[in-house]
Amino acid sequence: MSIDFNSLKTPCYVVDESLLIKNLELLKYVQDKTGCSILLAQKGFSMYSVYPLVGKYLKGVTSSSLFEAKLGYEEMGKEVHIYAPAYKEDEFDEIMKYSDHIVFNSFSQWNKFKDKIKNSTKHIECGIRINPEYSEIETDIYNPCFENSRLGTILDNFREEDLEGIDGLHFHTMCEQNSDTLERTLKVVEEKFGEYLKGMKWLNFGGGHHITRTDYDVEKLIKCISYMQEKYDIKIYLEPGEAVALNTGFLVSTVLDVVKNNMDLAIMDTSAACHMPDVLEMPYRPNIINSGMPNEKKYTYRLGGPTCLAGDIIGDYSFEEPLKPGDKLVFCDMAHYSMVKNNTFNGINLPDIVLWGKDGAKIIKTFNYEDFKRRL
Ligand SMILES: *Cc1c(COP(=O)(O)O)cnc(C)c1O
């Protein structure tokens, strides 16, 4: 049953369960073909009401913080991995409680916490995040290898003498990229860190693999995984966030008013600043169903949010018919890096979270004044 957008109260994020399953099936295919393990990176998508479903296909979660680790532990209950640029002493015992793999950003962090891990009764695998100083990302804020990056240990700082107790290496250098980028990245990883990989149990390829995009070369990914597994006799982990939820969700919104200042402007009940911050941060232009580029269709509007921020602008779009208050607009690809990043700036309420399944809409969550007030 396809989504009946008109039946939904706005604004709301609605995730289509069947589209999510399609992504998960492709990811499972990669696991089945190679024996690798794929983890959901919760940073990109933490809609935990679907974790039981995700857990039917993937091996677990990866986390960037204590809270994400706890959420994955509680709500999926499979493998929990964690990486953070630095861990807090007062959180580390709890992190150990939830995590099966802990990846350290530096040897100083590893040396600080390794006794805790050695003395624990729980078996925890440990890794070091390496920075191969190679990436093909052009936007600096999304490039973990940009100059003076704090993310990962560069070869110059790698301490072979401190490797005892380290089970694997981890790199994360990609963002929305195809497997040819991975292939070139692996070459550099091998050149720089290949000799250390030989003694390891695993290598984690991080996230940024756009596996579920239509033009993604899945067979090349499979080759890359198999090549590394065979050459170094290691297990491979991947931890995509975006690829799990890519093109599975929508943000449904309503036009509140139409005004004019040199051009036609529409004010929506959803905000770029609050509900789709990547539109301003990344930045990017989300697609809207039945819309075109400016002037492509007859009526062009600049869409803006209901906040007082002048720059709360979603973008310019054209439509076959003039917009009027009450019209619904549907933004595409809004499941990832949306719910996890939204905020109540300006006292704007958060969108409902809806799951669209076989039986139609299931309202997962609604928000109110208390959600706004409690954080202040
Ligand atoms: C952000 C992140 C991911 C997920 O990245 P996507 O681009 O969403 O696939 C995985 N691992 C680490 C360490 C990250 O920081």
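At a glance:
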| quantity | calculated |
| --- | --- |
| log₁₀ of I(q)/I(0) at q = 0.13 Å⁻¹ - the stretch 197-283, Debye sum with one point per alpha carbon | -0.66 |
| Heavy-atom accessible surface of the chain: percent carbon and sulfur, 1.4 Å | 49 percent |
| Gyration tensor verdict on the chain (Cα atoms; rounded if a/c is under 1.5, prolate if a/b is larger than b/c, oblate otherwise) | prolate |
| Label-point gap, in nm, between GLU195 and ASP359 - each point 7 angstrom along Cα→Cβ | 6.2 nm |
| Long pairs among LYS88/LYS116; LYS33/LYS223; LYS118/LYS235; LYS56/LYS78; LYS43/LYS97, criterion Cα-Cα beyond 18 Å | LYS118/LYS235; LYS43/LYS97 |
| Residues of type aspartates and glutamates that LYS198 reaches as a straight line, Cα spacing below 20 Å, ignoring anything fewer than 8 places off in the same chain | GLU125, ASP156, GLU160, GLU161, ASP162, GLU164, ASP167, GLU183, GLU190, GLU230, ASP233 |
| Hydrodynamic radius (Kirkwood) for the stretch 35-245, which is based on Cα pairs only, to one decimal in Å | 17.2 Å |
| Average projected area [Cα convex hull, the stretch 94-215], square nanometres | 8.6 nm² |
| With at most 11 neighbouring Cβ atoms within 10 Å, loop trypsin sites (Lys or Arg not before Pro) (DSSP) excluded, longest segment of the chain | 199-297 |
| For the stretch 79-236: accessible area per residue (Å², 1.4 Å) | 47 Å² |
| Taking the chain and dividing mean pair separation by its residue count, relative contact order in percent (alpha carbons under 8 Å, at least six apart) | 19 percent |
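The values are calculated or read from the model by the stated rules, or taken from the named source; none is laboratory data. As the structure is a prediction and not an experimental result, all values here were calculated from the model. For neighbour counting, all protein chains shown are included, and Cβ atoms are generated from backbone atoms with ideal geometry for every residue, glycine included. All accessible areas refer to the heavy atoms of the entire protein, side chains included, with ligands and DNA or RNA removed. Shrake-Rupley method; radii C 1.70, N 1.55, O 1.52, S 1.80 Å.
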